[in-house]
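*Asks:* This is the structure I want to talk about, given as structure tokens.
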Amino acid sequence: MIRAALLATLATSSPALAAPDCYQRFYSQAHMAANPGQSVQGLVLSFHPLDEGGRGIQLWAELSPEAEGLAPGDIGERYFSDMRCEPGGGFGAGADPEAETCFDTCDQGFVQIVQESDSRLLIRSFSLGLHRTPAACDGGTVLADRDESGNWVTTTFRLDGTAEADCEG
């Protein structure tokens with residue numbers, strides 16, 4: 001009986017047992033130098049419940065000063081996307097129709113959740129449009145790498161789970 005009460009208490013009150021709501025990754029200068037086509041230097045992704053049910057994402061990306069092919073005003077800036085997630089529905093080359101798909105609320109692309117655990121989140125970006133300000137659909141740039149020709153390509157990012165209080169945004 002004591003064991004059952006303890007397990008019930010841990011299951012309902014322990015934040016350590018729950019998956020994090022926040023994931024982030026900041027790439028080192030060595031990583032960026034080894035991947036010159038990568039335009040993203042850092043990512044912060046936070047899940048949040050939606051009023052109508054389900055979950056959404058707020059994502060911030062910092063663009064790399066070393067990225068090639070970006071307009072001078074894009075370099076070193078932080079860009080934002082607010083997304084609504086659905087159980088499936090990805091479309092386009094490489095998209096998994098069964099994967100959880102999070103669509104930009106300004107209708108500028110999407111990401112798919114490839115893998116989610118307490119310590120790691122893999123997302124795949126399908127030309128997700130990022131905005132300069134959270135409240136506006138003002139364009140800006142794309143969350144994806146570029147190929148040798150300078151075209152955007154579908155890109156997978158790995159982020160690390162972190163406590164909400166430690167999450168930079």
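The values are calculated or read from the model by the stated rules, or taken from the named source; none is laboratory data. Since the model is a prediction, treat every value here as computed from it, not as a measurement. Ligands, DNA and RNA are stripped out before the accessible areas are found, and what is left, the full protein with its side chains, is counted by its heavy atoms. Shrake-Rupley method; radii C 1.70, N 1.55, O 1.52, S 1.80 Å.
*Asks:* Kindly provide the Kirkwood hydrodynamic radius of segment 81-169 in Å, to one decimal, from all pairs of distinct alpha carbon atoms. Let's see the in-between values first.
*Replies:* Working: mean 1/r = 0.0720 Å⁻¹.
Mean inverse Cα-Cα distance, inverted, gives 13.9 Å.
*Asks:* Separate question: Kindly identify segment 105-157 as rounded, prolate or oblate by the Cα gyration tensor criterion: order the square roots of the eigenvalues as a ≥ b ≥ c, call it rounded if a/c is under 1.5, otherwise compare a/b with b/c, prolate if a/b is larger, else oblate.
*Replies:* Oblate, since a/c reaches 1.5 and b/c is not below a/b.
*Asks:* Separate question: Under a 1.4 angstrom probe, counting protein chains only, how are Ser127, Ser149 ranked by accessible area, largest first?
*Replies:* Ser149, Ser127
*Asks:* Moving on to the next point. Taking only C-alpha pairs under 8 Å that are 6+ residues apart, what is the relative contact order of segment 83-132 in percent? Don't skip to the answer; put the middle values down first.
*Replies:* Values: 95 pairs, mean separation 13.6, N = 50.
The normalised contact order for segment 83-132 reaches 27 percent.
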